[in-house]
1. Do the conditions hold for GLU157, that is, is it open to solvent by less than 70 Å² (accessible area, probe 1.4 Å), among the acidic types (Asp, Glu) and modelled with pLDDT of 95 or more?
2. Residues that are open to solvent by 10 Å² or more (accessible area, probe 1.4 Å): list the strands (runs of 3 or more DSSP E) wholly contained in region 388-461 that include at least 2 such residues.
3. Does PHE222 satisfy the condition of being under 20 Å from the mean Cα position of the chain (by Cα), surrounded by 14 or more Cβ atoms within 10 Å (Cβ to Cβ) and away from the ligand (no atom under 16 Å from the Cβ)?
4. Being over 19 Å from ARG170 (Cβ atoms), of a type outside the set (Gly, Ala, Ser) and in contact (Cβ under 8 Å) with a residue 60 or more places away in the chain is the filter here, so list the residues in region 201-226 that pass it.
5. Return the pairs, sorted by first residue and then second, in which the second residue is in a helix (DSSP H, G or I) and open to solvent by less than 70 Å² (accessible area, probe 1.4 Å), the first residue lies in region 336-356 and is of a type in the set (A, V, I, L, M, F, W, C), the beta carbons are less than 7 Å apart, and the residues are 6+ apart or on different chains.
6. Restricting attention to region 110-124, report how many residues are buried (at least 20 other Cβ atoms within 10 Å of the Cβ) and in a loop (DSSP other than H, G, I, E, B).
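The values are calculated or read from the model by the stated rules, or taken from the named source; none is laboratory data. Keep in mind it's a predicted model, so treat the numbers as computed, not measured. Heads up, the Cβs are rebuilt from the backbone with ideal geometry, glycines too, and the neighbour counts pull from every protein chain shown. Side chains are part of the model used for accessible areas, which takes the heavy atoms of the whole protein and leaves out ligands, DNA and RNA. Shrake-Rupley method; radii C 1.70, N 1.55, O 1.52, S 1.80 Å.
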Amino acid sequence: MTDRAEDREGTRRRVLLIGLDGVPPEFLFDRMRPVMPNIRRLIGSGLRAPLRTSDPPVSVPAWPVMFTGVDPGTLGLYGFRHRKPGTYNTMYVPTSKDVPVPTLWQILSARGYRVGVIGMPLGYPAPAVQGVYISDFLTPAGVTDYIHPPELREELERKFGPYIFDVVFRSTEREHLFEELLRMTRLHFDVAEWLYGQEAWDVFAVHEIATDRLHHAYWKYFDPDHPKFVRGNRFENAAVDYYTALDESIGKLLRQVDDRTYVMVVSDHGSMAMNGCFCVNEWLEQQGYLVLKRPAPAPGTPLGKMEVDWHRTTAWGEGGYYARIFFNVRGREPQGVVPIGQLPNLRQQIARDLSAVIAPDGQPMGTRVLDPREIYQTVRGDAPDLIVYLGELKWRSAGSMGHPGLFLEENDSGPDDAVHSFDGVFLFHDPRYPVERTLPLLHIRDITPTILDLLGEHPPAHVQGSVIAGLRTEEPPVTGRPPAPGLVPAGSHP
Ligand SMILES: [Zn+2]
């Protein structure tokens, strides 16, 4: 047990972390600031910066990277779905058991800290921690092992009713969906408020998925830059209305925060308007990398339902916020045909061909091709052979087939207006050091070592991220400014 970060009064510092999924800096720090007085107070008395997400920029692996401090290759996590070994496209959704290194919550628990965690991915089944853990938005419907300790579930459901992990956001019933987003957010923060008051947690964290769902379902209604935006539409204020309500919930939780507690607001990636989709498998077929035994029966047919001639196929793709391209490697894939020695050529050839793709506006689409072996310290699990960003993420990858062309205006797996962007948010407030400052770009894998450092702990050797400098200050600054209202002034708490 190391000596802990104790202040002059010998009381331990604590951390409250609020994770808002998919929130871009321009939203939290600018566009929504006028309707978020509580966030505005934190901004006015804290440090803020864009937070570069992981490669790829998807909630999984982004949150697990944030809470382990290691890269996606080391985690073996590249998205929400991975192939079962020995199959081409039998997929599974990773769980908390698929995280191969200790998470921040487990590191802290092992060192005797008390942690309270609501919804942080990967959180199902709920991991055993010194404290409480409620699992995340990937929790399957109807399960009961979503909370640690298990005996807390009854009390939680008696108090708040059935727990809500996520909403069906790819829906056209947008009036109803909006109500559901508000209800889910209120529930998450009501539970957070209740749990937060249970004990003096060393680290308490709450994740909200609704922000991400709001972006995917309503972006074209509230973003004038979206190609389909129509002024005066009935959801034009959806973002303002949602963020106003979110801020109220955050404010209620912040009212419980004492001056020992550092407050951190983070997001795992940003969001922006979607241009449309690029049909990666249509393209691979056109280029001769993917060979089908017969054409798609209908537009939007998933590759898993297609008859692929694997003996003549060298590569295939997966849809999502980025394109995953896999090579049909001999000895690795069930019917692999590409000898290992030919992989460098195939990699170069596909990257070159992709860079020549012209978007519907007649301009080059612009692709960035990443090789997992070059960007990760280790490459575990079902890594794609190529990670491809289409138009710097503005084009989503559509894996389905049977489409008339290479580009779609709409997503192939249900309505979706937004894609992810590379920068999320980092907002940090120390009640003892209420100074407003903007920091340069930070990186998501630095959050775990930084939180450990705030508690006076050193990260385990396997952690790849580094401590964000300048957050832990024991000497309160001579600002002459009163602490921000609503946030407890130094030393006022018993
Ligand atoms: Zn996300």
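1. yes
2. 395-398
3. Here the answer is no, as PHE222 does not meet what is asked.
4. Residues of region 201-226 that are over 19 Å from ARG170 (Cβ atoms), as a first pass: 201-207, 224-225.
Then drop every residue that is not of a type outside the set (Gly, Ala, Ser), which leaves 201-204, 206-207, 224-225.
Listed by number, the residues that qualify are TRP201, ASP202, VAL203, PHE204, VAL206, HIS207.
5. Taking only residues 6 or more apart or on different chains, the pairs are VAL338/LEU346.
6. Pass one, region 110-124, residues buried (at least 20 other Cβ atoms within 10 Å of the Cβ): 113, 115-124.
If we keep only those that are in a loop (DSSP other than H, G, I, E, B) as well, we get 113, 119-124.
Number of matching residues: 7.
Yes/no matrix, rows are residues, columns are (1) within 15 Å of the ligand (Cβ to nearest atom); (2) open to solvent by 30 Å² or more (accessible area, probe 1.4 Å):
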position	(1), (2)
GLU193	no, yes
TYR196	no, no
PHE204	no, no
THR211	yes, no
HIS216	yes, no
HIS226	no, no
